[in-house]
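Only the coordinates and a few stated rules stand behind these numbers; no lab work does. Just so we're clear, the structure is a prediction, and the values are computed from it rather than from any experiment. A quick note on method: Cβ atoms are made from the backbone with ideal geometry, for glycine too, and the neighbour counts reach across all protein chains shown.
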Amino acid sequence: MPLDNPFASGPSSMSWSCNVKKTYTICCLPGDCIGPEIMAEGKKVLAAVGKRFGCAFECNDALIGGAAIDATGTALPDETLEAARASDAVLLAAVGGPKWDTTDPAAPRPEQGLLKIRKELGLYTNLRPVQIFSALAGASTLKPEVIDGVDMMIVRELTGGLYFGVRERFYDEEGAGTDGKPGQRAYDTLEYREYEIERIARQAFEAARKRRGKVASVDKANVLETSRMWREIVHRVHDADYADVELEDVLVDNAAMQLINRPADFDVVVTENMFGDILSDEAAQITGSLGMLASASLGDGVALFEPSHGSAPDIAGKGIANPLAQILSVEMMLRYSLDMGDAADAIRAAVTAVLDDGLRTRDIADASTPADKILGTAAMGDAVVARLQ
Ligand code: IPM
Ligand code: MG
């Protein structure tokens, strides 16, 4: 299938093998803008992992987002979904861009591709680790003593709530303006079912047990009925099966404040879809380097891994995007889907070494970074690969 994307590079299907013990099939979704550029670096790192750990990765590209809209008229073609279902894991780069921005409810949007693949694959758990690489501690806008020790895991519910509720936009008399003509109205609905809350709560408590044993459950129980139900169910699951885990309830507005005020206190933060979307961007900014953060979306079958950042249209095609979040998404993929914890550790160590050596892409460089240490996208990928070998 042709990749109708000006920044697409390399063959759309490749595989590596060396002392092969096992071959994994990876469905790669480069998407839009910087997506193909950073995906190329993720594949490079996979190839290096294959060589070092004696396995093979067959990477098959498929279309999603704006690239898919251009080629097929829809943001998630059926072939992409089939390819994803048939793979061992899905690696996504980023979707969206000004070319496809529209407020017309009838027009396709790149983000629909992402939402649909999450729903279709049942990816209800979104893990967003927020960690500081010590070499980048100066990149945060917060004081060093505030961010010292920040290491949290945001567990965002990903297939319910406002994102998937009934919504509508229409004209009627009630929406009328001063001219008396019918005006527009719109609504979105926020709905949760008991089992959806129960299963995400379990994921959060399980994650906490492998970490520092603390969960902050974020809701708006002083206003929303869904949040009151959320709080009740989270506590019921806690009291029945996870009483060893420390649980606190935090109202979402207060959570937005506490994340800046005492970020190092948070261990696992569990919350519903929309709150998680907003708070995870805020938490990412605490590190000062959104270009470094990866995420995993897990369900009961094949899982999806992607950077936490977007498609960065402003720097697309320039070869300067930071590929490290993509590379760290490969790390999460090896850890959570392919049971290759050693290889995942090796990637993390290689990225840490690159940063400790002072190498930077522009987004994580500062005034003190020497010009020869500022690398483009491909050179940064090469630097990680060099430390993996
Ligand atoms: C994210 C993104 C998506 C979301 C968009 C692109 C639909 O912001 O993964 O956080 O809102 O979930
Ligand atoms: Mg978001």
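Quick notes on this one:
- Residues 27, 33, 55 arranged by fewest to most Cβ contacts within 10 Å: 55, 27, 33
- Remark: the range 124-299 projects, on average over all directions, an area of 12.4 nm² (convex hull of Cα atoms).
- Pairwise Cα inverse-distance average, inverted: Kirkwood Rh of the range 210-274 (Å): 12.3
- Computed from the Cβ-Cβ distance with R0 of 22 Å, the FRET efficiency linking residue 143 to residue 265 stands at 0.90.
- When the convex hull of its Cα atoms is projected in every direction, mean area for the range 55-110 (nm²): 4.4
- Selection from 221, 208, 178 lying farthest towards where the dipole of the range 175-249 points positive, charges on Cβ: 208
- DSSP beta bridges in the range 124-299 [antiparallel fraction, %, rounded to 5]: 55
- Amide H to amide H, with H built 1.01 Å from N, residue 58 comes under 5 Å of 24, 25, 26, counting only residues 5 or more places away or on other chains.
- Among beta bridges that DSSP assigns inside the chain, antiparallel share in %, nearest 5: 45
- GNM flexibility winner over the chain from 64, 132, 374 (Cα, springs under 10 Å): 374
- On the principal axes of its alpha carbon atoms, the range 258-389 extends 43, 35, 31 Å, with the longest extent given first.
- Comparing 166, 268, 155 in a Gaussian network model of the chain where C-alpha atoms under 10 Å apart are linked, the largest mean-square fluctuation is found at 166.
- Structure remark: mean-square fluctuation, Gaussian network model of the chain, C-alpha springs under 10 Å; the largest value among 357, 277, 61 belongs to 357.
- Inter-label distance, nm, simple model (7 Å from Cα along the C-beta direction), residue 195/residue 79: 3.4
- P(r) tail, the chain: Cα-Cα pairs separated by more than 30 Å, 42% of all pairs.
- All Cα-Cα separations within the range 99-203 were binned at 5 Å from zero, giving a P(r) of 2, 9, 12, 13, 12, 11, 14, 12, 7, 4, 3, 1, 0, each value a whole percent of the pairs.
- Separation of alpha-carbon centers, the range 84-159 and the range 22-44, rounded to whole Å: 16
- Span-like helix check, the chain: qualifying full DSSP H segments, with Cα axial length of 15 Å or more and mean Kyte-Doolittle of -0.5 or more, are 35-53, 273-287, 324-336, 341-356, 377-388.
- Around residue 229: net Lys/Arg minus Asp/Glu count, Cβ-Cβ under 15 Å: -4
- Note on residue 214 and residue 240: their simple-model spin labels are 2.7 nm apart, each label 7 Å out from Cα toward Cβ.
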